[in-house]
Amino acid sequence: MPGPKGWPLIGSLLDYSRFGRFSFERMHVAKRENLAVYGKIYKEKMGQHIVNLFDPADIETVYRAEGKYPVRPVMPLIAVASKRDKEPMGFGSLNGEPWWRVRRAVQQSMMPPGAAHVYLPVQNQVADDFVRLLSRKLDEGSGKLEEDITKLLTKYAMEAFGAVCFNVRIGCLEPLIPPDSDAYRVIASVNNMFEAIQKTNFAFPWYAIYRTQLYRQFLEATKTCQRVAQTYVDEALRSDEEVEDDGKKVKGKNFLQTLVDNNSERLTNDEMVQLTIDLFTAGIDSTAYALSFCLYNLAKNVDKQDRLLSEIDSLLDRTSCPPVTPEVLNRMQYLKACVRESFRLNFPIEGGPMRQLSADLVLSDYLVPKGTLVWLNFQTMCLLEENFEQADRYLPERWMKGEGDTLRPTNNFFMLPFGYGSRMCIGRRFAEQETWLALIKILQRFRLQLDVDASEHRPIGMINRIFTMPDANIPLKFIPR
Ligand code: HEM
């Protein structure tokens, strides 16, 4: 199989160091170049051999052969911390029967299409509070933000999913967050955790030899998240507050209690706590970054923004701004198309999902042995003209049935932002709901604009922090309507 030659032991890692022409932060640049040189399947040694796939037919073959327990490779830093410091291994890092036991316990509470609807009332409130915070952070004259929008959206995502997970308002949307508050600590910790994971992912594993600065950063951040989340978990389990479900008051239906009630797998209390913490941390940066790119793409494409606002106005009165209901969301097809198109232009996770093959497979005429790591490169595939006509343009219409049918491929294996099969993203319903709510509420109140003249504007690129993050502050203006 073709691929970069590299050096004994380290393979092509030097190419990604400061002596090389690539970087770990922008691996999509390397992948694009390698794809052009080696074709739609190539192998690269980065510590170990990884087979990179760019052909949707190969990706489908991998997904269809996954078997009962699809194997996702464990991030090396997490593996070392688990072995050396007995750090609990998060649900997304488990494999085999232990993974399935936890996944099965939450599957029914999280995966059905309406699973997040019961949390709409509280998420409506969080989205309203977010828009209020946004207004306070704006310079009234110019509409410019005094804080980076991605940072603000991180607070939103944390508050929105915290309200679901723990049934408390964490306080991330307060205008001033005291540095000694839980909210402040969690925001910083989640960021530090993903930074450490990303920076060590393919680098030489010094942290396995001694406790490097990044390793210590990771341990400290995980412990802070666990400590803070534990206090919320304890409260959530004590609470018997009533919430609304389809207009009726239902007792004790907070997320954690739902998990406890449906605990058919008899997870221990510790497992339940760990699971909630995993979900909470997995859902913050992912959703915040995705939303940042949505706002950016809508600000750049005013005609698409106008069409989206028309759809919102046709279903919700802009003066009274009533709460968004499941029925309204079901009818907002253009909103969903806008988000999906943003996922295509800025694919949300580094490269795409990875798998360790659980059987020998024939991929693009090569026999790839069981145990090989394969990388499903949606991030690159989504931007290829041969896969998506007018690939560099933001065209939500391509996802509208009966309208953009020629602009999208006929099968799904070209682009799966939440993955596929039994290991697909378990938080999908929640992430989508938070994203849709924020976009609706922001557009009802503000017209989005880029802060600079389009001719001067350097396009915002992608950098990888496990999730795909904007590579600079997005120069947005929020002009009150
Ligand atoms: C826009 C936001 C999000 C995106 C784009 C996203 C995307 C993904 C992707 C691509 C995967 C890997 C799928 C695979 O390997 O095939 C994944 C896994 C996962 N996601 Fe998300 N995610 C998002 C938000 C969330 C949220 C809000 C939560 C928590 C509620 C969450 C929890 C998880 C977990 C726990 C896994 C591992 C599942 C398993 O291994 O069984 N994600 N996500």
> Out of all the residues in the range 166-186, which are more than 22 Å from residue 238 (Cα to Cα) and among the charged types (D, E, K, R)?
Replying inline: 174, 180, 185
> Which residue out of 173, 153 is buried (at least 21 other Cβ atoms within 10 Å of the Cβ), more than 16 Å from the ligand (Cβ to nearest atom), not in a strand (DSSP E or B) and not β-branched (Val, Ile, Thr)?
Replying inline: 173
> What pairs can you find where one residue is in the range 343-360 and closer than 12 Å to residue 73 by Cβ and in contact (Cβ under 8 Å) with a residue 40 or more places away in the chain, the other is part of a loop (DSSP other than H, G, I, E, B) and within 7 Å of the ligand (Cβ to nearest atom), and their Cβ atoms are less than 9 Å apart, with a gap of 6+ or different chains?
Replying inline: 353/72; 353/419; 353/420; 353/424; 354/72; 355/72; 356/72
>> Can you find a residue that is modelled with pLDDT of 90 or more, more than 28 Å from residue 373 (Cα to Cα), in contact with an Asp or Glu (Cβ under 7 Å, 6 or more places away or on another chain) and surrounded by fewer than 20 Cβ atoms within 10 Å (Cβ to Cβ) anywhere in the range 99-114?
In response: no
>> One residue is enough: does the range 80-88 have a residue meeting the conditions within 22 Å of the chain's Cα centre (by Cα) and among the hydrophobic types (A, V, I, L, M, F, W, C)?
In response: no
> List the pairs whose first member sits in the range 396-425 and is touching a residue at least 24 places away in the same chain (Cβ under 8 Å), whose second member is among the polar types (S, T, N, Q) and in a loop (DSSP other than H, G, I, E, B), and whose Cβ atoms are under 7 Å apart, counting only residues at least 6 apart or on separate chains?
Replying inline: 409/387; 414/387
>> For the range 78-115, give me the residue count where each residue is of a type in the set (D, E, K, R) and not in a helix (DSSP H, G or I).
In response: 2
>> Checking the conditions here, which among 462, 424, 400 is at pLDDT 95 or above and in contact with a strand residue (DSSP E or B) (Cβ under 7 Å, 6 or more places away or on another chain)?
In response: 462
> Looking at the range 314-356, which of its residues are surrounded by fewer than 21 Cβ atoms within 10 Å (Cβ to Cβ), within 14 Å of the ligand (Cβ to nearest atom) and more than 21 Å from residue 431 (Cβ to Cβ)?
Replying inline: 356
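Yes/no matrix, rows are residues, columns are (1) buried (at least 17 other Cβ atoms within 10 Å of the Cβ); (2) within 30 Å of residue 272 (Cβ to Cβ):
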{"position": "9", "(1), (2)": "no, no"}
{"position": "16", "(1), (2)": "yes, no"}
{"position": "23", "(1), (2)": "no, no"}
{"position": "41", "(1), (2)": "yes, no"}
{"position": "45", "(1), (2)": "yes, no"}
{"position": "50", "(1), (2)": "yes, no"}
{"position": "53", "(1), (2)": "yes, no"}
{"position": "63", "(1), (2)": "yes, yes"}
{"position": "68", "(1), (2)": "no, yes"}
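Listed here are the residues, each with its yes/no results for (1) surrounded by fewer than 19 Cβ atoms within 10 Å (Cβ to Cβ); (2) within 16 Å of the ligand (Cβ to nearest atom); (3) modelled with pLDDT under 95; (4) more than 26 Å from residue 91 (Cβ to Cβ).
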| position | (1), (2), (3), (4) |
| --- | --- |
| 239 | yes, no, yes, no |
| 259 | no, yes, yes, no |
| 277 | no, yes, yes, no |
| 301 | no, no, no, yes |
> Name the residues in the range 125-161 that are in contact with a strand residue (DSSP E or B) (Cβ under 8 Å, 6 or more places away or on another chain) and under 14 Å from residue 190 (Cβ atoms), would you?
Replying inline: 150
>> I need a count of the residues in the range 29-75 that are within 25 Å of residue 417 (Cβ to Cβ) and not in a loop (DSSP other than H, G, I, E, B).
In response: 26
> Could you give every pair whose Cβ atoms fall below 6 Å, whose first residue belongs to the range 109-128 and is more than 11 Å from residue 324 (Cα to Cα), and whose second residue is modelled with pLDDT of 90 or more, counting only separations of at least 6 or pairs across chains?
Replying inline: 110/426; 115/429; 116/429; 116/430; 116/433; 126/159; 126/160
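The rows are residues; the columns are (1) farther than 30 Å from residue 32 by Cα; (2) at pLDDT below 95; (3) over 22 Å from the mean Cα position of the chain (by Cα).
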| residue | (1), (2), (3) |
| --- | --- |
| 306 | yes, no, yes |
| 321 | yes, yes, yes |
| 325 | yes, no, yes |
| 331 | yes, no, yes |
| 343 | no, no, no |
| 348 | no, no, no |
| 362 | no, no, yes |
| 365 | no, no, yes |
>> Can you report the number of residues in the range 367-382 which are in contact (Cβ under 8 Å) with a residue 40 or more places away in the chain and either in a loop (DSSP other than H, G, I, E, B) or surrounded by fewer than 13 Cβ atoms within 10 Å (Cβ to Cβ) (or both)?
In response: 2
> Regarding residue 366, is this residue hydroxyl-bearing (Ser, Thr, Tyr), within 16 Å of the ligand (Cβ to nearest atom) and out of contact with any Ser or Thr (no Cβ under 9 Å at 6 or more places or on another chain)?
Replying inline: no
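The values are calculated or read from the model by the stated rules, or taken from the named source; none is laboratory data. Quantities reported herein were computed from a predicted structural model and do not represent experimental measurements. Note that each Cβ is placed from the backbone with ideal geometry, even for glycine, and that neighbours are counted across all protein chains shown.
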